[in-house]
Amino acid sequence: MAKRKTTELTTITAASLAAGDWFPVVDVSDTTMSSTGTNKKLAKSELAEAAGVTAHLALGTDAHDASAISFSATGTIAATDVQAAIAELDSEKAAVSEPIAAAHIADISDAHDASAISVLDAAGTYTATDVESVLAELPAQFRLVPVKSQPPVISSYFERFQSGHGWTILGGGASITDDTSDYVIGSQCATFQTRTDGTARSAEKAGYSKSLTSSQIAVTFKIDDTTNLTEIILYAGDTAFANYYQWTIYGDTSEAQRWFKSGEWVTMVLTFAGATTSGSPSRSTIQKLRFRVGASNGAAATTVKLGAIGAVAEDSTFPNGVVSITFDDLYASNWTKARPKLSEYGYPATIYAISDRIGETYMSVDKLRALEALGWEIGVHGNTSLTSMSIEAAEADVIRERGALSAYGFRGLRNYAYPQGGFSTDVMNMLKKHFSSARTICYRQSEALRPNDPMRLRAYSPSNTTTTTALTNEITAAYNNKGWLILTFHDIADTATLGTQYSTANFATVIDHINSTGIPVRTVGDVLSRFT
């Protein structure tokens, strides 16, 4: 295709050029569009664009900016150009957000907080009608439902302490009287007073002929004031007491840690695993019973009430007894020292965790999850004694503690351990709403199968001075007498110097003995689940 060359043109239009034409033209600094100056080849298709760009660049007004571009206003926008319309949008956005942000920040009343925001609850799940109160109800709505264990049943009675029961005070100097105003069985109980000179007082009766071959023994009693008690012991044996079993029911000094409380009727099941013997007594023939109570010298006399002594059939769920190994306070050694030894035999344990201690100093959440995967059970252990606060504050504390552990996704969390071992009847009744069990540090007697009271499980807590012989004897006794031995450890240390420590070597000896007897090892929750 031929091309034309024009040396100089005063005016150039797109129409005057043919396709493929070129020309020496444009001095871009020449605002007069002179045909002389810097040469540049422009194709015909580019000419219009070049002319427009050059003209706009040379234009010194705002004729082509956003304020000169028209805008078709709709809705709440009144401006007819883009720039003004954008300014209106900014103002409208500020006006919408101000009541939510700036106005609320400036509001010093509670008009905009959660207590003023209404909740529509058509399903009737909540009684509250505002957000704040509904949040307070959430723990009750979503708490885990406790698994209730069935209590032991007295199958037969030695004595129900009704009129003409025949019990007398050993050695004289006092008498047993009948109380028809305060009792739990029949129409009365038998009552006597403790001595004030520090000597124990005993009530007794002979002439029985009962068998406990396949049973445990249970006693129902009440102590008006336990403050100054020094001992409570039940004896059962032959007529002359030449051969007898002895159960030490009480010998603790802390009111908060006592298994029973002042003014409380209790029924305590006493296993033969927790009995000591004198001579060679026979479970097949029980002929005489004695109940002995001691109080401090100089202390005011307190009233002892006897409601019943009976037999509870042995449970066959664990025919060779059972051991539960538990750990308190979340020590790192539970992972580094206890876990490897327990894993040798595949034994699980129950670890009562304090949420505030989860971390590398004690034990991380990942390690706790790993233990749970091994079959260990995670329980709840508060950090503050529940008896040191109001019952309302105590309930808030246990809900917070379990909620913090639940947030990590742990299963169960139905079993609780009393901080510092302290509890009251009000605390126990409160915990029943939230947990299946609560473990004490009381161990004058081993726990029964079925458990006597799941809200005060009895447990043996070894210290750094506890011998392996003492523990292995307890294990053997549980094996031979269908008992439930709950062992509570804290810190496992190579050198145990503190009361909360138990040596690594001794711990290994105890675990090896458990394996040698063949007694099963189960978590607390597992044992309790067998008695629902």
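The values are calculated or read from the model by the stated rules, or taken from the named source; none is laboratory data. The model shown is predicted, which means the values in this text are computed figures rather than measured ones. Positions of Cβ are generated from backbone atoms using ideal geometry, with glycine treated the same way; all protein chains shown enter the neighbour counts. SASA here: full protein model, heavy atoms, side chains in, ligands and nucleic acids out. Shrake-Rupley method; radii C 1.70, N 1.55, O 1.52, S 1.80 Å.
Some observations on this one:
- Among the residues making up the stretch 301-318, those that are in a loop (DSSP other than H, G, I, E, B) and modelled with pLDDT of 95 or more are A301, T302, F318.
- Among residues of the stretch 451-464, those that are assigned to a loop (DSSP other than H, G, I, E, B), buried (at least 22 other Cβ atoms within 10 Å of the Cβ) and either basic (K, R) or out of contact with any Leu (no Cβ under 8 Å at 6 or more places or on another chain) (or both), counted: 3
- Residues that are touching a Lys or Arg at 6+ places or on another chain (Cβ under 9 Å) and buried (at least 16 other Cβ atoms within 10 Å of the Cβ) within the stretch 186-199 comprise C189, A190, T191, F192, Q193, T194, R195, listed in sequence order.
- Any hit, the stretch 486-503, residues being touching a Leu at 6+ places or on another chain (Cβ under 8 Å), under 28 Å from E255 (Cα atoms) and not aliphatic (A, V, I, L, M): yes
- Checking the stretch 183-198 against the condition returns no match, with no residue being free of Cβ contacts under 8 Å to residues at least 12 places away in the same chain and either assigned to a loop (DSSP other than H, G, I, E, B) or over 30 Å from T532 (Cα atoms) (or both).
- Residues of the stretch 345-365 satisfying the condition of being touching a helix residue (DSSP H, G or I) at 6+ places or on another chain (Cβ under 7 Å) and part of a strand (DSSP E or B): T350, I351, A353, I358, M363
- Complete set of residues in the stretch 221-251 that are crowded, with 17+ Cβ neighbours inside 10 Å and of a type in the set (G, A, S): A236, G237
- For the stretch 145-169, the tally of residues that are farther than 30 Å from E314 by Cβ and open to solvent by 40 Å² or more (accessible area, probe 1.4 Å) stands at 3.
- Total residues in the stretch 292-310, condition open to solvent by 30 Å² or more (accessible area, probe 1.4 Å) and of a type outside the set (K, R): 5
- Among the conditions (1) of a type in the set (G, A, S); (2) open to solvent by 10 Å² or more (accessible area, probe 1.4 Å); (3) under 26 Å from the mean Cα position of the chain (by Cα), A349 misses just one, which is (2).
- Within the stretch 513-532, restricting attention to residues that are farther than 27 Å from L413 by Cβ and open to solvent by 50 Å² or more (accessible area, probe 1.4 Å), the residue that is farthest from the chain's Cα centre (by Cα) is S516.
- Those residues of the stretch 396-430 which are outside any helix (DSSP H, G or I), surrounded by 17 or more Cβ atoms within 10 Å (Cβ to Cβ) and without any contact (Cβ under 8 Å) to a residue 40 or more places away in the chain, in sequence order: Y418
- Checking L342, L368 one by one, the residue that is closer than 24 Å to R458 by Cα and not in a strand (DSSP E or B) is L342 and no other.
- Residue list for the stretch 436-450, filter: surrounded by fewer than 24 Cβ atoms within 10 Å (Cβ to Cβ) and among the hydrophobic types (A, V, I, L, M, F, W, C): I441, C442
- Selected residue [open to solvent by less than 50 Å² (accessible area, probe 1.4 Å), modelled with pLDDT of 65 or more, more than 30 Å from G409 (Cβ to Cβ) and assigned to a helix (DSSP H, G or I)] from A85, A174: A85
- When we screen K288, K337 for residues that are modelled with pLDDT of 95 or more, outside any strand (DSSP E or B), buried (at least 17 other Cβ atoms within 10 Å of the Cβ) and in contact with a strand residue (DSSP E or B) (Cβ under 9 Å, 6 or more places away or on another chain), the only hit is K337.
- Counted residues, the stretch 484-524 - those being free of Cβ contacts under 8 Å to residues at least 40 places away in the same chain and within 27 Å of P454 (Cα to Cα): 2
- From the list R530, R458, the lone residue that is in contact (Cβ under 8 Å) with a residue 24 or more places away in the chain and in contact with a Cys (Cβ under 8 Å, 6 or more places away or on another chain) is R458.
- Qualifying position, being surrounded by fewer than 17 Cβ atoms within 10 Å (Cβ to Cβ), modelled with pLDDT of 95 or more and not charged (D, E, K, R), among S280, S262: S280
- When restricted to residues that are surrounded by fewer than 23 Cβ atoms within 10 Å (Cβ to Cβ) and under 22 Å from T248 (Cβ atoms), the stretch 311-330 contains 2.
- So T467, is it β-branched (V, I, T) and open to solvent by less than 10 Å² (accessible area, probe 1.4 Å): no
- Subset of the stretch 357-388 (residues that are under 16 Å from the mean Cα position of the chain (by Cα), surrounded by fewer than 20 Cβ atoms within 10 Å (Cβ to Cβ) and in contact (Cβ under 8 Å) with a residue 40 or more places away in the chain): I358, V365, R369, S385
For every residue, the table says whether it meets (1) modelled with pLDDT of 95 or more; (2) farther than 16 Å from M430 by Cα; (3) among the charged types (D, E, K, R).
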position	(1), (2), (3)
Y362	no, yes, no
D366	yes, yes, yes
A370	yes, yes, no
S385	no, no, no
S388	no, no, no
I391	yes, no, no
E395	yes, no, yes
